[in-house]
Amino acid sequence: MAENKPKLKIAIVGAGALGGTFGALLTDAGFDVTLVEIDKRRVDAIKKNGIVLHMPDGTIKTVKVKITDDPKTVGIVDIVQISVKGYHTHSAAKTALPMIGDNTYVLSVQNGIGNLEVIANVVGKEKVIGGVTAHSAMPISYHEIKYAGGMGGIWIGRYDGKKDKRLEEIAKIFNEAGFTTEIIEGNIEVPIWRKLLANVACNAVAAITGFTGNQLLGCEHTRELIIKLAEETAEVAKAKGLEFDELNYAGAFVLKALSGVKDNKISMLQDIEAKRRTEIDTLNGAIVREGKKYGVQTPYNETITLIIKSLEQKILWELKGLI
């Protein structure tokens, strides 16, 4: 490792599409990274084959990455990155405890809202860093990932809003791995809600229709629904007291962000096709709850939430052999 590289030890909890991509590119850039994953099939596949990344430019990169299903073997690290579905946030934070020391930061790079609060309740608010990225990836197999890249980079900031020079070291790491990173001083909720705007408007629509990013954009009906969801979500954000430019042109912003997905399948569609639980409760469901809190009607988000929950119920019945 070159002398000018930050010599930090990193653990990533969750070796799925995005966690695996981060782990592979950080390792490839020369950093000390260990993936922590509870799915033994994924652990075995990555140990045997490394992570095979299909890069946005069409090239294929194979990276040997350290991975384990036992966090106790990793030791204390400088950064724990949480890259799991929102409904697994609490268990992931608990899993990370053996790797967390006095000076460890816990960085959430996840969809939706509420994750930072959950992590803070386990490890303490002063250790939590919020992270937001528009980069996307899609699993091909347990060890193979199609990395789509993404518009923009990564935004990080302390959950408690305090300034912190140590964040510059973290930003340097991500920058060297190819993720342009910006430090947010103050309210990390703004970039979190900016990404939430796009996720809430697009993810569930993709899951219901089965459309890729380009197909969502190519259909006038899904475009109209996406715009309605975005505008409704923007009203909730405004009622909450948030202020950022994209709230004033929510529909156009979301459609532009969606263009970065291209022919890839959005994560919630991947979940439905794989018969997994979705993140609807931390996305559209969260907007419904926030709307009730601030007196904003959210009929589009409420309807979308009920449809996705119905699909989840169907999957559950199918897995139990009831239908």
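The values are calculated or read from the model by the stated rules, or taken from the named source; none is laboratory data. All figures in this text were calculated on a predicted structure; none of them were measured in a lab. No Cβ is skipped: glycine too gets one built from the backbone with ideal geometry, and neighbour counts run over all protein chains shown.
Some observations on this one:
Residues checked against (1) closer than 18 Å to Leu225 by Cβ; (2) touching a Pro at 6+ places or on another chain (Cβ under 6 Å); (3) among the charged types (D, E, K, R):
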{"residue": "Ala274", "(1), (2), (3)": "no, no, no"}
{"residue": "Thr298", "(1), (2), (3)": "yes, no, no"}
{"residue": "Thr303", "(1), (2), (3)": "yes, no, no"}
{"residue": "Lys314", "(1), (2), (3)": "no, no, yes"}
{"residue": "Lys320", "(1), (2), (3)": "no, no, yes"}
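- Test: Gly23 is under 17 Å from the mean Cα position of the chain (by Cα), of a type outside the set (A, V, I, L, M, F, W, C) and surrounded by 15 or more Cβ atoms within 10 Å (Cβ to Cβ): yes
- Residue check for Lys47: surrounded by fewer than 24 Cβ atoms within 10 Å (Cβ to Cβ), free of Cβ contacts under 8 Å to residues at least 60 places away in the same chain and touching a strand residue (DSSP E or B) at 6+ places or on another chain (Cβ under 8 Å): yes
- Single match in Lys7, Lys40 (criterion: surrounded by fewer than 16 Cβ atoms within 10 Å (Cβ to Cβ), of a type outside the set (A, V, I, L, M) and at pLDDT 95 or above): Lys40
- Residue within the range 105-116 that is closer than 24 Å to Asp70 by Cβ, surrounded by fewer than 21 Cβ atoms within 10 Å (Cβ to Cβ) and not assigned by TED's automatic domain parsing to the domain that holds Ala204 present: no
- You will find that of Ser91, Ser108, the residue that is free of Cβ contacts under 8 Å to residues at least 24 places away in the same chain, under 26 Å from Glu189 (Cβ atoms) and polar (S, T, N, Q) is Ser91 and no other.
- Applying the criterion of being of a type outside the set (Gly, Ala, Ser) and part of a loop (DSSP other than H, G, I, E, B) to the residues of the range 284-302, the residue that is nearest to the chain's Cα centre (by Cα) is Thr298.
- Residues that are surrounded by 15 or more Cβ atoms within 10 Å (Cβ to Cβ), among the aliphatic types (A, V, I, L, M) and closer than 23 Å to Thr21 by Cβ do occur in the range 210-231.
- Consider the range 104-128 and keep the residues that are at pLDDT 95 or above and not in a helix (DSSP H, G or I). The one that is farthest from Glu279 (Cα to Cα) is Thr104.
- Residue, farthest from Val261 (Cα to Cα), within the range 232-243, restricted to residues that are of a type in the set (D, E, K, R) and surrounded by fewer than 17 Cβ atoms within 10 Å (Cβ to Cβ): Lys240
Residues checked against (1) in a strand (DSSP E or B); (2) within 19 Å of Lys146 (Cα to Cα); (3) of a type in the set (D, E, K, R):
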| residue | (1), (2), (3) |
| --- | --- |
| Leu18 | no, yes, no |
| Gly30 | no, no, no |
| Val33 | yes, no, no |
| Val52 | yes, yes, no |
| Val80 | yes, no, no |
| Val84 | no, yes, no |
| Ser91 | no, no, no |
| Thr95 | no, no, no |
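- Set Ile154, Ile129: member being surrounded by 23 or more Cβ atoms within 10 Å (Cβ to Cβ) and touching a Lys or Arg at 6+ places or on another chain (Cβ under 7 Å): Ile129
- Unique residue being at pLDDT 95 or above, of a type in the set (Lys, Arg), in a helix (DSSP H, G or I) and not assigned by TED's automatic domain parsing to the domain that holds Asp271 when the list is Lys61, Lys72: Lys72
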